[in-house]
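Right, one structure below, let's go through it.
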Amino acid sequence: MIQYTVLLTWNESVPPGHAHACIEALTAMSKAIDSIREFRCGADLGLSAPTNADFVIVATFDDVNGWRHYDEHPLHNEIRAEFFKPYVATRDSAQFNF
């Protein structure tokens, strides 16, 4: 199994309510891409350090091919372009086996 995690920090142009719009778009996407086994995303709750990321995405795949299918999927690329590219200041990600 592959676990994929993305941490995003918004830039100053992110509109109010954007995290909610991202959650809706990503949730719909996760149901449409069959290689995704589990998917979660959401806005940081602000419970600890002010240096936390603003938004997190966590997805699980059976294998590397499943992750690649997701990563290259046209719907995923549309969402990246519309919901993230204009508003992300920093992005960190990692994939690991478990």
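Of (1) 13.7, 42; (2) 13.3, 37; (3) 13.8, 47, which is the value of Rg and Dmax of the Cα atoms in Å derived from the coordinates here?
Computing Rg and Dmax of the Cα atoms in Å and matching it to (1) 13.7, 42; (2) 13.3, 37; (3) 13.8, 47 gives (2).
Counting only C-alpha contacts under 8 Å and six or more residues apart, can you give the relative contact order of the chain as a whole percent?
50 percent
With a 1.4 Å probe and every protein chain left in place, tell me how much accessible area Thr90 has, in Å² to the nearest 10.
The value for Thr90 is about 70 Å².
In sequence order, what are the phi-derived ³J(HN,Hα) couplings for region 41-57 according to the Karplus relation 6.51 cos²θ - 1.76 cosθ + 1.60 with θ = phi - 60°, rounded to whole Hz, with x for glycine and proline?
7, x, 7, 4, 7, x, 7, 10, 4, x, 8, 4, 5, 8, 8, 10, 10
Length gain on complete extension for the stretch Thr51 to Thr5, per 0.36 nm per residue less the alpha carbon to alpha carbon distance?
Full extension of this stretch gives 14.8 nm more.
In sequence order, what are the phi-derived ³J(HN,Hα) couplings for region 21-27 according to the Karplus relation 6.51 cos²θ - 1.76 cosθ + 1.60 with θ = phi - 60°, rounded to whole Hz, with x for glycine and proline?
4, 5, 4, 4, 5, 5, 5
At Glu38 and Glu72, where each label point lies 7 Å from the Cα along Cα→Cβ, what is the point-to-point distance in nanometres?
Distance between label points: 2.7 nm.
Enumerate the amide H contacts of Arg37 below 5 Å, restricted to partners 5 or more residues apart or on another chain; note that Pro and chain-start residues carry no placed amide H.
Answer set, sorted by chain and number: Thr60, Phe61, Asp62.
Could you report region 16-98's accessible area per residue, 1.4 Å probe, as an integer in Å²?
Here the per-residue accessible area is 64 Å².
Skipping prolines and chain starts, which residues have an amide H placed within reach, meaning under 5 Å, of the one on Asp44, given they are 5 or more residues away or on another chain?
Those lying under 5 Å, H to H, from Asp44 are Phe55, Val56.
Label region 1-58 by shape, choosing from rounded, prolate and oblate, from the square roots a ≥ b ≥ c of the eigenvalues of the Cα gyration tensor; if a/c is under 1.5 it is rounded, and otherwise prolate applies when a/b is larger than b/c, oblate when it is not.
Oblate, since a/c reaches 1.5 and b/c is not below a/b.
Out of the total accessible area of the chain (probe 1.4 Å, heavy atoms of protein only), what percent is carbon and sulfur?
Of all accessible area on the chain, carbon and sulfur atoms account for 54 percent.
The values are calculated or read from the model by the stated rules, or taken from the named source; none is laboratory data. Since the structure is predicted, the reported quantities are computational estimates derived from the model, not experimental observations. All Cβ positions, even for glycine, are placed from backbone atoms using ideal geometry, and neighbour counts span all protein chains on display. These accessible areas exclude ligands, DNA and RNA; they are computed on the full protein's heavy atoms, side chains included. Shrake-Rupley method; radii C 1.70, N 1.55, O 1.52, S 1.80 Å.
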